[in-house]
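The values are calculated or read from the model by the stated rules, or taken from the named source; none is laboratory data. All values reported here derive from a predicted model rather than from experimental measurement. We place every Cβ from the backbone using ideal geometry, glycine too, and count neighbours over all the protein chains shown. Side chains included, ligands, DNA and RNA excluded: accessible areas come from the protein's heavy atoms. Shrake-Rupley method; radii C 1.70, N 1.55, O 1.52, S 1.80 Å.
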Amino acid sequence: MDRKFEIRPINQSDFSHYIDDLARLRMQVFREWPYLYDGDEAYERTYLRSYLNNDRAFMVGSFSATEIVGASTAMPLADHDAAFAKPLQDAGYDISRIFYFAESVLLPQYRGGGAGRAFFTLREKEALRQGFDKAVFSAVIRDSDASEKPASYVPLDNFWQRIGFKKIKDVKTRFAWKDIDEDHETEKPMAFWVKNLA
């Protein structure tokens with residue numbers, strides 16, 4: 001299989017053409033550990049349309065020929081879901097200065113080729129261009145001894161630290177979704193990671 005891909009920003013007018021593909025991509029990738037997300041395509045399309053309605057939102061795609069095989073998104077934290085903004089605001093962070101890095105998803109066969117670093121680099125450049133001085137993302141917290149955890153799983157903490165992010169101690173949020181082995185949505189704890197950009 002040809003693992004070559006191109007990573008480039010997606011402008012809002014083009015983004016609408018990829019919504020269905022991105023919805024399926026998010027559902028496929030987030031089904032893996034540690035998210036175990038049993039996705040809903042209608043919800044995904046609605047969520048992704050929020051990026052079309054925000055002129056400060058930023059989208060990056062990873063393309064193999066004409067197929068989109070990965071994507072990464074970001075927007076000002078103040079414009080994102082309150083579940084992510086409020087805990088940081090309550091902890092004393094100025095959310096008007098924070099650019100929120102939402103998802104980065106990439107099909108397994110394209111991993112290890114530098115896409116993850118490129119996703120972060122492009123979003124950081126955009127955050128600085130828009131005048132933000134901090135970047136934040138969140139990551140689900142799972143029991144490291146859980147039976148669902150694959151033996152081959154390698155946490156991304158070391159990678160995030162290498163590119164300059166630090167986990168924020170004692171500040172967490174909770175967000176609900178349906179796991180693949182659940183009958184209904186349950187809230188999951190999520191940790192925040194921050195990087196000073198200025």
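Details
- Average accessible surface for the chain: 53 Å² per residue, computed with a 1.4 Å probe over protein heavy atoms with every protein chain in place.
- Think of each Lys and Arg Cβ as +1 and each Asp and Glu Cβ as -1; about the Cα centre, that makes the dipole of region 39-135 roughly 320 debye.
- Net +/- balance of residues flanking residue 181 in space, Cβ distance below 11 Å, scoring K and R +1, D and E -1: -4
- Loop sites in region 107-192: trypsin sites (Lys or Arg not before Pro), DSSP, at most 16 other Cβ within 10 Å: 111, 178
- In order along region 32-43, phi translates into HN-Hα couplings of 6, 4, x, 7, 6, 6, 8, x, 10, 5, 5, 4 Hz, rounded to whole numbers, per the Karplus curve 6.51 cos²θ - 1.76 cosθ + 1.60 with θ = phi - 60° and x for Gly and Pro.
- Whole-percent carbon and sulfur share, accessible surface of region 107-186, 1.4 Å: 50 percent
- Long-range amide H partners of residue 7 with built H, under 5 Å: 63
- Peptides 85-94, 23-32, 146-155 ordered by average Cβ neighbours within 10 Å, highest first: 23-32, 85-94, 146-155
- Summary value for the chain: 22 percent relative contact order, contacts being C-alpha pairs under 8 angstrom separated by 6+ residues.
- Cross-link reach list, lysines versus residue 4, counting only Cα pairs under 28 Å and skipping chain neighbours closer than eight places: 125
- Virtual spin-label span in nm between residue 24 and residue 6, 7 Å along Cα→Cβ: 2.2 nm
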